[in-house]
Amino acid sequence: MALRGPLTRLLRAQPDAALQLRRRAHSVALVGAPLSRGQKRRGVDHGPATLRAAGLVERLAGLGCQVHDFGDLNFTQVPNDELYNNLVLYPRSVGLASQMLADAVSRAVAAGHRCVTLGGDHSLALGSVSGHARQCPHLGVIWVDAHADINTPLTTQSGSLHGQPLSFLLRELQDKVPQLPGFSWLKPCLSASDIVYIGLRDVDPAEYYILKNFDIQYFSMRDIDRLGIKKVMERTFERLMGRRQRPIHLSFDIDAFDPSLAPATGTPVLGGLTYREGMYITEEIHNTGMLSAVDMVEVNPLLGASQEAVKATAHLAVDVIATCFGQTREGAHIAFDELPTPSSPDESDSEQQVRI
């Protein structure tokens, strides 16, 4: 699809960054991040293996991508990892794992790859976004999720760090976020204007306060119903790239989809994205030419009611990633430049007469 409007003018006016990203468009690094300590449910650490088993590598290779699968990072639980403030779970384990992931993502982007982080729970964005920002300090984040994940350690009700990553990453919240053990390495790298949410429908009171008072752009499912997904994406790009071109970090929680499509996940919420809406989001992000990193998180094969439910969730996640790298609903095809022309008829008229 051709780009139109302000984004077209922007890409024409500032070609350097887009050209740099397009040059590495077909080099994709896969980094497995089987992080599970950011939440309470077992099984999300099996997410990377589940996505690979669903044919992710083969799908990307079929799109012409040069896939560099770096395997899974080896996260270890820190012993005696006590609660922070008698509530926040596994801060040292999550902090150490996020630091390892930040280093891995930074190396992948520096090496010229577009990096896909396979989760794991959504606390991994602490590492993936931080590592990406080391190489691309002006990046913009599109956060596709049923949840805002922007509670602070002082407002969280669950204590799970997968509901808090953006509070640590946002500069405007640093006087509201305490220093957790294991987090001394982490520095905020985003401003409120760098983030757009899509698909929200389960937002805590403190999170709603943050979204409103810090002027963070978000599109709830009601907004998607009201505006349509096309207008949502136009406004997303206007917000993130209306003034300057920048790399995009897509952080996609599979629970953004309706649970009827993605049942094998930890915190499903009714009324989510349809398949068509989800694919349109990633098609449009791909069409910008500015996608630099992707998180795919919260696929949990232990929470599927059946093997079919697990497969449906995993294949949906693979579709999301593949669409980020060029799969379209018109078909993903190899290069086809010219139709063949017959050199001669199969049978001459005379041969046909003889047969008659």
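Nothing in this text is a laboratory measurement; each read-out follows from the coordinates by a stated rule. This is a predicted model, so every value here is computed, not measured. FYI the Cβ positions are ideal-geometry reconstructions off the backbone, even for glycines, and counts take in every protein chain you see.
Values as computed for the structure displayed
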{"read-out": "Which of M221, M290, M100 has the fewest Cβ neighbours within 10 Å, and the rest in rising order", "value": "M100, M221, M290"}
{"read-out": "Dipole moment magnitude, nearest 20 debye, region 186-260 about Cα centre, only Lys, Arg, Asp, Glu C-beta charged", "value": "480"}
{"read-out": "Estimated FRET transfer efficiency (S191, K230; beta-carbon r; R0 25 Å; 0.05)", "value": "0.40"}
{"read-out": "Those lysines that a straight Cα-Cα span of less than 27 Å connects to K176, excepting residues fewer than 8 apart in one chain", "value": "K40, K187, K212"}
{"read-out": "Length released on extending from N74 to A111, taking residue separation times 0.36 nm less the Cα-Cα span", "value": "11.2 nm"}
{"read-out": "Under 5 Å, built H, 5+ apart or other chain: amide partners of D69", "value": "L30"}
{"read-out": "Virtual spin-label span in nm between R171 and L270, 7 Å along Cα→Cβ", "value": "4.2"}
{"read-out": "DSSP beta bridges in region 6-355 [antiparallel fraction, %, rounded to 5]", "value": "5"}
{"read-out": "Unit charges at the beta carbon, dipole of region 49-128: most positive-side option, A102, V57, P91", "value": "V57"}
{"read-out": "Test item: Cα-centred dipole of the chain, Lys/Arg +1 and Asp/Glu -1 on Cβ, debye", "value": "1120"}
{"read-out": "Stretchable slack from D103 to T328, in nm (0.36 nm times residue separation minus alpha-carbon distance)", "value": "77.8 nm"}
{"read-out": "Ellipticity estimate at 222 nm from DSSP helix runs (n ≥ 4, -39,500 (n - 2.57)) divided over the chain, nearest 500", "value": "-11500 deg cm²/dmol"}
